[in-house]
Every structure is written in structure tokens, then in C-alpha cells.
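Beneath this line is the structure, given in C-alpha cells, with notes to follow.
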Amino acid sequence: MSGTRGRGRTPVGAAGRGNRGRGGGGTRLTRRGRVVAWGGGVTALVVLGVGSVGAWIYQDLNGNIKQAEVDDKLGADRPVNLSPGSKNILLVGSDTRDGANAKYGKDLTTMQSDTLMVLHIPANREWASVVSFPRDSWVEIPSCETGDGGTSDPQHFKINKAFAIGGSSGKVAEAAACSIKTIEANTDLRIDHFMSIDFSGFKGMVDALDGIEVCPEQAIHEKNSKLDIEAGCQTVKGEQALAYVRVRYGVGDGSDIGRIGRQQEFMDALTKKARAKLTDADAMYGFLKSVTNSLTADPDMAGIQPLYGLANELKGIPGDRLSFLTVPNYGREADDPSDKANVVWQYPQAADLFTSLAKDKEVTKAQVDAAKKDVVYASSVKFQVLNGTGIGGRAAAVAERLTEAGYGLAGTGNAPANVTKTTVTYPAGMERQAAALASRLPGVRAVQDASAAAGMVTVVVGPELKVEDVA
């Protein structure tokens, strides 16, 4: 997976945002357990290192893993890997509606991504981060191949639609490619590999281990997911386990952020039980068979050996150097009162998080918690754009990108003279608003200017700024 593009933002401090409204209940494991569990079942593959499986089992499991070639579907306009030796692995929990999954969901005819994460492993292998992307994140989805010979139009929608657009013909390669393109376009993180595991595999993993104990703090009676359980600790398996990790409404605050927390806790418990059953040959074979049967990955990851190598890398990372982060976000209703369902990413914190990971700078949970309270709603930022390039229409094009992101446009015009570089200036008292808007422009930092227009942030567009790179 190769490419040439990179915005090269200058970090202004690593930041992120923790879970908003975590769901109740669940057994917790070490952070290492969480990373390995979400790595497409990589923990299970550590069993192979014990030497307790025969060659025929190895070949059987290795042959189950499906390959999906995505390189030729990503195009050339991709972020540069700013830290050679680091890895960004896209992890997708897929609920395709084919085969064993056909009965899940309602009125869904395409492939869906129920969970979307990026595992970042730095070049020095001394720490790692898993970044969760709420599936209700309102983002720009670029044009993608749809698998039937066509291409989709660029559009704004919730991030999980990218997988559905690419997978409209049922092909995982196109689905994964569209998700990769969307993540890269909105984060500037270079995605090196991907792994996707579907619903049927998840259920098989749980059943092979005779169920997983969960401890919801409140009863959950939710008809859409068909989940009907009481409060307190109990073992779930089969359809009930699947419903537990998918349920959203009727528990906690009903948000996708809360579901992310429950999914992480459930996978913690699943990993713990898998480790406890390492000596149970039947259970482990069933577990591994379910994982590998449901796993699709790019060619460089689609095999026992590369997954085992990834597991070994993760095993060497100290537990206190593994961070689980959720992209900083707030309800889109703050910017668009008609949208009560989706979230938008919080800037500059989201940009800081992505830039830090791109440059292999560790981001801790403490930094996330410290930054998440400082919210600047895009709709509260008034701005103007002046064209300093001499190229007609450039100010209007940049302004359109920023207004699509929710910022309040005061007007456009021409700068007094052409400039060599894009600038963002602001009057006293608008530092936070200016920082939020400037973080949308690659390589630009806001500067206070006594002569700046009162009550607004001013963007003077220089010739180096590509309109498509405005986040």
C-alpha cells in the first residue's frame, strides 16, 4: 500500500477525547488484552507459538483467511508515512448481509461496518494506541470504486457508510478500500494494512469458549437488537452475545460512544477466557477456526505467520503504554440543530491526535482527558476568506469547504496583495476559535494580529494550499 501525499501538520500538543457516556458492565482486562483482541483475533494466534498444534491444523487455519487486494483501488493521492517503521492497521468489525449474516439487521442490503478502529504501532515498538472512530462521525467520503465497475460521488455522511458504498456489490476489497480512503482523507494517517472480521465469526469465537460473562449495571430490554437480559453478572453466548456488543438504544446514554466502551469491555473478557483455555484443544481449535474463517485482510496480513508476528510485537509492549482513545467529538446538533443523530470531530484536538500519531508521538489517556473539556463548536467560529493567490475563485472554494465543516462564513474577498503562504489571523480574545479553524488547514498556525478584523478569524489563502486538503 503506497502513496505520495502528506500535509505535514505541525502538532500543537497531543490531544484526544475519551468516551462520552460509557455503557454499563463488563469484565476488564489488561490494555494489552484489548489491543490483541481487537487485532482481528490475533491473541488466539499466539496459541500457535506454544507448539501445540500440528502442521495439518496450521494449514487448515491458514487457508481459512481470505485476501482482499486494495492497493490498486486507493489511487496515488495518499498520505506519506512520516515515521518509517511504524504501522497503522485499520480494524473493521463487519456485518455483511451475506451467508450466515443474512438474518442480522433490518432493511440492509449492503455490507456494513459496525466497528472502525486504527491500531497504531510506532517504529520503536515501545507503546501503541487504538483509536476508535464513532460510526456516526459526520465526515467527507471521497469518490470510491463500488465493485460493479462504477464510482461513487464524493459526499458527506456518517463514516460507516464508506464501507457500504465500496461494498455495494458484496466485495470486501472495495469496501475496505473506501474505508481506507475515507480514514486517510479525514485524518492524514497513512493506513498500511487492514483486517475485517464479520458477525458470524464473532459469534463462533464466543460459542467456542462456552460464552462470556458480562455484568450490565442495568437491565437491557431492546427490541431492535432482540436483547433481553437482566442487570448483574451472567454468561452470554450465540445471538445474545452478538446483540450485547451491538446494542445501542435502551442502555446507557444510547450513543455509539457508549457502545464502543461496551465492545472494548466485552473483548477484554473474551481475550481473558481464550487465554484461560489455551490447554483445551477442542475449544481453541473452534475458536481459531471461527476467527480465521471470518477474517479478511490485505495480502501482507492474510496468513498465520504475519498475524503471529503482529501478536509478538504487541506482546512486547508494556501494559501501561497501550492507550485506547476515541476521536474527540461532540454532537453535530451543536452546529446543525436538525441533526440529532450524528457527531462531528472536535478541532483542534482531533487534528492534534492524528498529527501526533503520524509523527510517532505517544498520546496518553491523561492527555485525552485533559483536552476533551475544551470544546469549540464550529458554528461558534465566524470567519472570512481572502484570496491571496491571484487565482479566481480560490477564496470561495476554501470558504465552501469550511462552511461544510460547520464554520460560520462572514464573507469572502481578495487580499490587498498576493501572498506566498496561507495565513490565519485573529483579534485578541479569539485564540481558541482561531486554533480550531487553523487546524483544518495543513501546516497553518493561527497568529494574533492587532489589525485583524474584529469578531472573526481571517484566512488569507496562499498558493500552496490545495482546496482538497482543507479538512
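Readers should treat all values here as calculations from the given coordinates under stated rules, not as data from a laboratory. All values derive from a computational prediction rather than experimental measurement. Ideal geometry is used to build each Cβ from the backbone, glycine not excepted, and the neighbour counts take in all protein chains shown.
Some notes on this structure:
- With one equal scatterer per alpha carbon and no solvent term, the Debye-computed log10 I(q)/I(0) for segment 378-469 at 0.12, 0.18 1/Å reads -0.29, -0.69.
- Residues GLU69, GLU213 in ascending order of nearby Cβ atoms (within 10 Å, fewest first): GLU69, GLU213.
- Relative exposure of LEU82, LEU227, LEU441, judged by other C-beta atoms within 10 Å (fewest first): LEU82, LEU227, LEU441
- Label point distance in nm, ALA454-HIS221, each placed 7 Å from Cα along Cα→Cβ: 6.1
- Cross-link partners of LYS226 among lysines (Cα-Cα below 21 Å; sequence separation of 8 or more within a chain): LYS103, LYS106, LYS203, LYS237
- Listed peptides 342-351, 421-430 by packing density, highest first (mean Cβ within 10 Å): 342-351, 421-430
- Ascending count of other beta-carbon atoms within 10 Å, so fewest first, for HIS221, HIS120: HIS221, HIS120
- Contour excess over end-to-end distance, with Cα ends at GLU400 and GLU464 and 0.36 nm allotted per residue: 21.3 nm
- Charged neighbours of GLY149, selected by a Cβ distance under 12 Å, balance to -2 (K, R count +1; D, E count -1).
- Pairwise centroid distance, computed over Cα atoms, of segment 325-372 with segment 411-467, Å: 22
- Extension gain, GLN234 back to ASP369 (0.36 nm per residue minus Cα-Cα distance, nm): 45.4 nm
- For SER137, distant residues with modelled amide H under 5 Å away: ILE159, ASN160, VAL343
- Here segment 161-307 was treated as a single set of alpha-carbon atoms; its pair distances binned every 10 Å from 0 give 10, 32, 35, 21, 2 percent.
- 24 Å Cα-Cα threshold exceeded, pairs from LYS315/LYS373; LYS158/LYS315; LYS161/LYS181: LYS315/LYS373; LYS158/LYS315
- Label-point gap, in nm, between ASP72 and GLU213 - each point 7 angstrom along Cα→Cβ: 5.1
- Spread over its residues, the convex hull of the C-alpha atoms of segment 271-380 is 184 Å³ per residue.
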